[in-house]
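For reference, the structure discussed in these notes is given below.
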Amino acid sequence: MDSITANNAIIHFNENCYQSLNQHIKTNNFSKIFILVDENTHACCLPILLEQLETTSNIEIIEIEAGETHKTIETCVGVWNTLSDFDGDRKSLLINVGGGVVTDLGGFVASTFKRGIAYVNIPTTLLSMVDASVGGKTGVDLGTLKNQIGVISSPDLVLIDTQYLNTLPQNQMRSGMAEMLKHGLISSEAYWNKFKDLSKLTLDDLDELIYESILIKKHVVDVDPFENNLRKTLNYGHTLGHAIESYFLSNPNKTDLLHGEAIAVGIVLASYISTRLVGLPMETTTEIKAVFNNYYGIIDFEESDLKPIFELLKYDKKNNHGNINFVLLEAIGKPKIDCLVEDAIILEAFKFYAS
């Protein structure tokens, strides 16, 4: 697979990864190298990386706690302090090894420490490979509100090494698959159709699908890096999906949902709303629902859950002038941005999801 460039970051795949990283380190003569991991990637992924580095001198390992609940400014303060304590300067390099929490938070830390140091993303989950590590979005949550604080800043390199997926639990693989399915829905019916029967796919097929998914996102972020227009389409299913994810994170009576699990619900809801408002055929919506229900099952929502979910919609990053803006689909591969949706239709969508 060829290396590609997206939003100024060079993305290398599998066999090209570590040769490019070692050359980058050699060429730039970094004063110090820091590697950011969580407790899971420290145990499962860091040894793979260290084996591939030509030098392991002058390296410090920084470990944070795993999980979305630790994607906070408080965690950033801890990492900033560690960088300072170990003499990090503007010629330091931060290598982020982990899922979306690590690459998002690590990118934000690097972009703001000393007003910006170089960083490299090595995503280790499917979700971070096809989504979080590509496109330059960095940041942290504000309480349980997703990605409210951050900057757009590109890493020097993104290294996609799919051997890390061998360490990944099945539910995390499913979480990443939701973003790949979304890429098909917003851009390519042919790509969407490849996912209808995962049982027929091999590991080589998965590598190719990951590559295609990154190409889809690359095209979008290259055209619209600051989310003024086309990039908004990447939020299909995310307006309600993020609200659902935040609600389940904040409610002690609910089991936390992984990002992809919440987005899967949001995509089914957005598809029904698309049928009601912009003409997506009901046959297509029914197919989308069947595919997602097959992979993710159905989450139970009580009537009392809906009001707080609706309240969380106002924090969506696409909103402006008090309007909650949805991305909808007129057809597979034909998204429409900045759509306003009445609460009554959202309620209908939840009933359709549960039926």
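What number of residues in the stretch 33-45 are touching a residue at least 24 places away in the same chain (Cβ under 8 Å), over 19 Å from Lys91 (Cβ atoms), touching a strand residue (DSSP E or B) at 6+ places or on another chain (Cβ under 7 Å) and buried (at least 18 other Cβ atoms within 10 Å of the Cβ)?
Total satisfying the criteria: 4.
In the stretch 287-314, what residues are among the β-branched types (Val, Ile, Thr) and either modelled with pLDDT under 95 or surrounded by 15 or more Cβ atoms within 10 Å (Cβ to Cβ) (or both)?
Once the filter is applied, which keeps residues that are among the β-branched types (Val, Ile, Thr) and either modelled with pLDDT under 95 or surrounded by 15 or more Cβ atoms within 10 Å (Cβ to Cβ) (or both), the stretch 287-314 yields Ile288, Val291, Ile299, Ile309.
When you go through (1) under 24 Å from Leu94 (Cα atoms); (2) over 15 Å from the mean Cα position of the chain (by Cα); (3) at pLDDT below 95; (4) in a helix (DSSP H, G or I) one by one for Asp131, which number turns out not to apply?
(2)
Pairs under 6 Å by beta carbon, first residue over 18 Å from Asn8 (Cα atoms) and free of Cβ contacts under 8 Å to residues at least 40 places away in the same chain in the stretch 113-140, partner part of a helix (DSSP H, G or I) and open to solvent by 10 Å² or more (accessible area, probe 1.4 Å), six or more apart or different chains?
Phe113/Trp80; Gly139/Asp104; Gly139/Phe108
Collect the residues in the stretch 185-205 that are in contact with a helix residue (DSSP H, G or I) (Cβ under 7 Å, 6 or more places away or on another chain) and in a helix (DSSP H, G or I), keeping them in residue-number order.
Leu185, Ile186, Ser187, Tyr191, Trp192, listed by residue number.
Could you check the stretch 12-25 and list, in sequence order, the residues that are modelled with pLDDT of 95 or more and either of a type in the set (A, V, I, L, M) or open to solvent by 30 Å² or more (accessible area, probe 1.4 Å) (or both)?
Gln19, Leu21, Gln23, His24, Ile25, listed by residue number.
I want to confirm something. Restricting to the stretch 225-253 and keeping residues that are part of a loop (DSSP other than H, G, I, E, B) and either β-branched (Val, Ile, Thr) or surrounded by fewer than 16 Cβ atoms within 10 Å (Cβ to Cβ) (or both), which single residue is nearest to the chain's Cα centre (by Cα)?
Phe226
Are any residues in the stretch 131-153 of a type in the set (Ser, Thr, Tyr), under 19 Å from Gly98 (Cα atoms) and open to solvent by 10 Å² or more (accessible area, probe 1.4 Å), and if so, which ones?
Answer for the stretch 131-153, where residues must be of a type in the set (Ser, Thr, Tyr), under 19 Å from Gly98 (Cα atoms) and open to solvent by 10 Å² or more (accessible area, probe 1.4 Å): Thr138, Ser153.
Is there any pair linking a residue in the stretch 186-208 that is at pLDDT below 85 to one that is surrounded by 15 or more Cβ atoms within 10 Å (Cβ to Cβ) and of a type in the set (Ser, Thr, Tyr), with Cβ under 9 Å and at least six apart or on different chains, and which?
Going by the 9 Å Cβ cut-off, the qualifying pairs are Leu198/Tyr295; Leu203/Thr162.
Just wondering, is there one or more residues in the stretch 261-272 that are surrounded by fewer than 17 Cβ atoms within 10 Å (Cβ to Cβ) and touching a residue at least 12 places away in the same chain (Cβ under 8 Å)?
no
For the stretch 295-313, state whether one or more residues are under 27 Å from Leu230 (Cα atoms) and not in a helix (DSSP H, G or I).
No, the stretch 295-313 contains no residue that is under 27 Å from Leu230 (Cα atoms) and not in a helix (DSSP H, G or I).
Examine the stretch 315-326 for a residue that is modelled with pLDDT of 95 or more and in contact with a Phe, Trp or Tyr (Cβ under 8 Å, 6 or more places away or on another chain), and state whether such a residue exists.
Within the stretch 315-326, none of the residues are modelled with pLDDT of 95 or more and in contact with a Phe, Trp or Tyr (Cβ under 8 Å, 6 or more places away or on another chain).
Checking Phe30 against (1) at pLDDT 95 or above; (2) loosely packed, with under 14 Cβ neighbours inside 10 Å; (3) assigned to a loop (DSSP other than H, G, I, E, B), which test does it fail?
(2)
Within the bounds of the stretch 344-354, is there any residue that is without any contact (Cβ under 8 Å) to a residue 60 or more places away in the chain and touching a strand residue (DSSP E or B) at 6+ places or on another chain (Cβ under 9 Å)?
So far as the stretch 344-354 goes, no, none of its residues is without any contact (Cβ under 8 Å) to a residue 60 or more places away in the chain and touching a strand residue (DSSP E or B) at 6+ places or on another chain (Cβ under 9 Å).
Please work out which one of (1) of a type in the set (A, V, I, L, M); (2) open to solvent by 20 Å² or more (accessible area, probe 1.4 Å); (3) touching a Ser or Thr at 6+ places or on another chain (Cβ under 6 Å) is the condition Val327 fails and give its number.
Single failed check for Val327: (2).
Report yes if Leu181 is part of a loop (DSSP other than H, G, I, E, B) and open to solvent by less than 50 Å² (accessible area, probe 1.4 Å), otherwise no.
No.
Could you tell me which of the residues Thr162, Thr138, Thr202, Thr124 is among the polar types (S, T, N, Q), within 13 Å of the chain's Cα centre (by Cα) and closer than 22 Å to Met1 by Cα?
On the way: Thr162 fails: within 13 Å of the chain's Cα centre (by Cα); Thr138 fails: closer than 22 Å to Met1 by Cα; Thr202 fails: within 13 Å of the chain's Cα centre (by Cα).
Step by step, each of Thr162, Thr138, Thr202, Thr124 is checked, and only Thr124 is among the polar types (S, T, N, Q), within 13 Å of the chain's Cα centre (by Cα) and closer than 22 Å to Met1 by Cα.
The values are calculated or read from the model by the stated rules, or taken from the named source; none is laboratory data. Everything numeric in this text was worked out from a predicted model, so none of it was measured. Ideal geometry is used to build each Cβ from the backbone, glycine not excepted, and the neighbour counts take in all protein chains shown. The accessibility values were calculated without ligands, DNA or RNA, using every heavy atom of the protein model including side chains. Shrake-Rupley method; radii C 1.70, N 1.55, O 1.52, S 1.80 Å.
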